[in-house]
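Here the structure is laid out as C-alpha coordinates; the discussion comes afterwards.
The values are calculated or read from the model by the stated rules, or taken from the named source; none is laboratory data. These numbers were taken from a predicted model, which means no experiment stands behind them. In this analysis, Cβ positions are derived from the backbone assuming ideal geometry, glycine residues included, and neighbour counts consider all displayed protein chains.
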Amino acid sequence: MILKRLLIIILFSISTYTYGDFNAQVVRIVDGDTIQVIDSNGIKFKIRLLGIDTPELKQRFGYESSLSLKKIIDGKSVIIISKPENNKPYTLGRYKRIIGKIILNGKDINLEMVQKGMAWHYKKYIKSQNVEDRQSYNNAEQDARLNKIGLWSDVNPVAPWEWRKLNN
(Lines give C-alpha, C1' and ligand atoms only; values in the text may rest on other atoms or scores of the structure.)
Protein backbone atom coordinates (compact mmCIF):
# COMPACT_ATOMS: atom_id res chain seq x y z
CA MET A 1 0.00 0.00 0.00
CA ILE A 2 2.78 2.44 0.91
CA LEU A 3 4.71 1.50 -2.23
CA LYS A 4 1.60 2.07 -4.36
CA ARG A 5 1.08 5.55 -2.86
CA LEU A 6 4.73 6.41 -3.39
CA LEU A 7 4.51 5.32 -7.02
CA ILE A 8 1.40 7.49 -7.55
CA ILE A 9 3.16 10.51 -6.03
CA ILE A 10 6.23 9.97 -8.23
CA LEU A 11 4.15 9.56 -11.39
CA PHE A 12 2.11 12.66 -10.54
CA SER A 13 5.28 14.69 -9.97
CA ILE A 14 6.78 13.54 -13.27
CA SER A 15 3.59 14.26 -15.22
CA THR A 16 3.56 17.81 -13.86
CA TYR A 17 6.71 18.61 -15.88
CA THR A 18 5.99 16.70 -19.07
CA TYR A 19 6.38 19.75 -21.27
CA GLY A 20 9.21 21.43 -19.41
CA ASP A 21 7.22 24.53 -18.47
CA PHE A 22 6.00 25.17 -14.96
CA ASN A 23 4.83 27.93 -12.63
CA ALA A 24 6.98 28.75 -9.63
CA GLN A 25 7.53 31.29 -6.89
CA VAL A 26 10.95 32.99 -6.88
CA VAL A 27 12.42 32.55 -3.40
CA ARG A 28 16.06 33.58 -3.90
CA ILE A 29 18.28 35.38 -6.37
CA VAL A 30 21.63 33.57 -6.34
CA ASP A 31 23.25 35.95 -8.84
CA GLY A 32 22.36 37.70 -12.08
CA ASP A 33 21.68 34.49 -13.99
CA THR A 34 20.70 31.94 -11.33
CA ILE A 35 17.63 31.83 -9.10
CA GLN A 36 15.87 29.44 -6.74
CA VAL A 37 12.16 28.77 -7.06
CA ILE A 38 9.51 26.63 -5.43
CA ASP A 39 6.92 24.99 -7.65
CA SER A 40 3.25 24.37 -6.86
CA ASN A 41 4.17 21.01 -5.28
CA GLY A 42 6.57 22.67 -2.85
CA ILE A 43 9.65 21.37 -4.65
CA LYS A 44 12.65 23.70 -4.73
CA PHE A 45 14.65 24.10 -7.94
CA LYS A 46 17.70 26.09 -8.98
CA ILE A 47 17.22 27.74 -12.37
CA ARG A 48 20.02 28.95 -14.67
CA LEU A 49 18.75 31.59 -17.08
CA LEU A 50 19.02 30.33 -20.65
CA GLY A 51 20.87 32.39 -23.24
CA ILE A 52 22.59 34.85 -20.92
CA ASP A 53 25.70 35.09 -18.79
CA THR A 54 26.13 37.79 -16.17
CA PRO A 55 29.16 39.12 -14.33
CA GLU A 56 30.20 37.05 -11.33
CA LEU A 57 29.36 38.60 -7.94
CA LYS A 58 33.03 39.49 -7.31
CA GLN A 59 33.35 40.94 -10.81
CA ARG A 60 32.60 44.54 -11.82
CA PHE A 61 28.83 44.86 -12.34
CA GLY A 62 28.20 41.48 -10.66
CA TYR A 63 26.37 42.99 -7.71
CA GLU A 64 24.42 45.39 -9.96
CA SER A 65 23.34 42.52 -12.23
CA SER A 66 22.15 40.45 -9.29
CA LEU A 67 20.32 43.43 -7.79
CA SER A 68 18.67 44.20 -11.11
CA LEU A 69 17.28 40.67 -11.37
CA LYS A 70 16.18 40.81 -7.74
CA LYS A 71 14.21 44.04 -8.34
CA ILE A 72 12.43 42.46 -11.30
CA ILE A 73 11.42 39.01 -10.02
CA ASP A 74 12.22 38.40 -6.33
CA GLY A 75 9.18 36.97 -4.56
CA LYS A 76 7.13 36.91 -7.75
CA SER A 77 5.27 34.10 -9.43
CA VAL A 78 6.91 33.28 -12.76
CA ILE A 79 6.75 30.71 -15.54
CA ILE A 80 9.87 28.67 -16.21
CA ILE A 81 10.20 27.52 -19.81
CA SER A 82 12.71 24.71 -20.17
CA LYS A 83 13.23 22.64 -23.28
CA PRO A 84 12.83 18.95 -22.49
CA GLU A 85 15.86 16.86 -23.42
CA ASN A 86 16.22 13.11 -24.00
CA ASN A 87 12.75 12.31 -22.64
CA LYS A 88 13.55 14.16 -19.41
CA PRO A 89 11.01 16.75 -18.23
CA TYR A 90 13.56 19.61 -18.46
CA THR A 91 17.16 20.35 -19.36
CA LEU A 92 19.72 20.20 -16.56
CA GLY A 93 23.02 22.05 -16.84
CA ARG A 94 26.36 20.79 -15.59
CA TYR A 95 25.71 22.12 -12.07
CA LYS A 96 22.34 20.29 -11.84
CA ARG A 97 20.35 23.44 -12.49
CA ILE A 98 17.33 23.63 -14.76
CA ILE A 99 18.22 25.71 -17.80
CA GLY A 100 15.26 27.90 -18.66
CA LYS A 101 13.69 31.12 -19.72
CA ILE A 102 11.90 33.14 -17.03
CA ILE A 103 8.57 34.69 -17.98
CA LEU A 104 6.91 37.30 -15.78
CA ASN A 105 3.56 38.70 -16.91
CA GLY A 106 4.30 37.59 -20.49
CA LYS A 107 7.73 39.23 -20.56
CA ASP A 108 11.03 37.41 -21.22
CA ILE A 109 13.15 38.33 -18.18
CA ASN A 110 16.34 36.80 -19.64
CA LEU A 111 16.01 39.17 -22.59
CA GLU A 112 15.27 42.08 -20.25
CA MET A 113 18.58 41.48 -18.45
CA VAL A 114 20.41 41.81 -21.79
CA GLN A 115 18.40 44.92 -22.71
CA LYS A 116 19.33 46.55 -19.38
CA GLY A 117 23.01 45.90 -20.03
CA MET A 118 23.19 43.50 -17.08
CA ALA A 119 24.02 40.39 -19.14
CA TRP A 120 25.79 39.15 -22.21
CA HIS A 121 23.96 37.11 -24.80
CA TYR A 122 25.68 33.80 -24.02
CA LYS A 123 26.42 32.39 -27.45
CA LYS A 124 28.27 29.29 -26.23
CA TYR A 125 24.96 27.44 -25.96
CA ILE A 126 23.15 29.31 -28.73
CA LYS A 127 21.73 26.07 -30.17
CA SER A 128 19.62 25.75 -27.00
CA GLN A 129 17.71 28.88 -28.02
CA ASN A 130 15.10 29.13 -30.74
CA VAL A 131 15.93 31.34 -33.73
CA GLU A 132 13.72 34.24 -32.57
CA ASP A 133 15.40 34.36 -29.16
CA ARG A 134 18.88 34.18 -30.72
CA GLN A 135 18.07 37.20 -32.86
CA SER A 136 16.35 39.25 -30.15
CA TYR A 137 19.05 38.58 -27.53
CA ASN A 138 21.79 39.41 -30.03
CA ASN A 139 20.04 42.63 -31.09
CA ALA A 140 19.45 43.60 -27.45
CA GLU A 141 23.15 43.16 -26.65
CA GLN A 142 24.17 45.23 -29.67
CA ASP A 143 21.75 48.02 -28.67
CA ALA A 144 22.99 48.00 -25.06
CA ARG A 145 26.61 48.14 -26.28
CA LEU A 146 25.93 51.02 -28.68
CA ASN A 147 24.08 53.01 -26.03
CA LYS A 148 26.59 52.15 -23.27
CA ILE A 149 23.87 50.79 -21.00
CA GLY A 150 24.78 49.00 -17.77
CA LEU A 151 27.99 47.00 -17.97
CA TRP A 152 28.61 48.44 -21.44
CA SER A 153 29.28 51.83 -19.80
CA ASP A 154 32.59 50.31 -18.66
CA VAL A 155 35.53 51.12 -20.94
CA ASN A 156 36.55 47.47 -21.21
CA PRO A 157 33.90 45.06 -19.87
CA VAL A 158 35.25 41.58 -19.25
CA ALA A 159 32.99 38.73 -20.24
CA PRO A 160 32.16 36.46 -17.28
CA TRP A 161 33.56 33.36 -19.02
CA GLU A 162 36.87 35.20 -19.50
CA TRP A 163 36.82 36.47 -15.90
CA ARG A 164 36.23 32.92 -14.63
CA LYS A 165 39.24 31.64 -16.61
CA LEU A 166 41.47 34.29 -15.02
CA ASN A 167 40.12 33.93 -11.48
CA ASN A 168 39.55 30.20 -10.96
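Remarks
- Counting the residues of the stretch 42-75 that are on the phi > 0 side of the Ramachandran plot and touching a helix residue (DSSP H, G or I) at 6+ places or on another chain (Cβ under 7 Å) gives 2.
- Annotation note: of Asn139, Asn156, the sole residue that is without any contact (Cβ under 8 Å) to a residue 40 or more places away in the chain, part of a loop (DSSP other than H, G, I, E, B) and not charged (D, E, K, R) is Asn156.
- The residue that is surrounded by the most Cβ atoms within 10 Å (Cβ to Cβ), counting only those in the stretch 147-168 that are aliphatic (A, V, I, L, M) and under 18 Å from Ile52 (Cα atoms), is Leu151.
- Pick from the stretch 22-75, criterion touching a His at 6+ places or on another chain (Cβ under 9 Å) and in a strand (DSSP E or B), ranking: surrounded by the most Cβ atoms within 10 Å (Cβ to Cβ): Ile52
- When Lys96, Lys83 are checked against the criterion of being under 22 Å from Gln135 (Cβ atoms), modelled with pLDDT under 95 and outside any helix (DSSP H, G or I), Lys83 stands alone in meeting it.
- Residue check for Ser65: touching a Ser or Thr at 6+ places or on another chain (Cβ under 6 Å) and either at pLDDT 95 or above or of a type in the set (Lys, Arg) (or both): yes
- Residue check, Tyr90 of a type in the set (Phe, Trp, Tyr), surrounded by fewer than 19 Cβ atoms within 10 Å (Cβ to Cβ) and modelled with pLDDT under 85: no
- Ser40 vs. criteria over 26 Å from Asn138 (Cβ atoms) and either in contact with a Pro (Cβ under 7 Å, 6 or more places away or on another chain) or hydroxyl-bearing (Ser, Thr, Tyr) (or both): yes
- Flag for Val114 being among the hydrophobic types (A, V, I, L, M, F, W, C) and either farther than 26 Å from Gln142 by Cβ or modelled with pLDDT under 90 (or both): no
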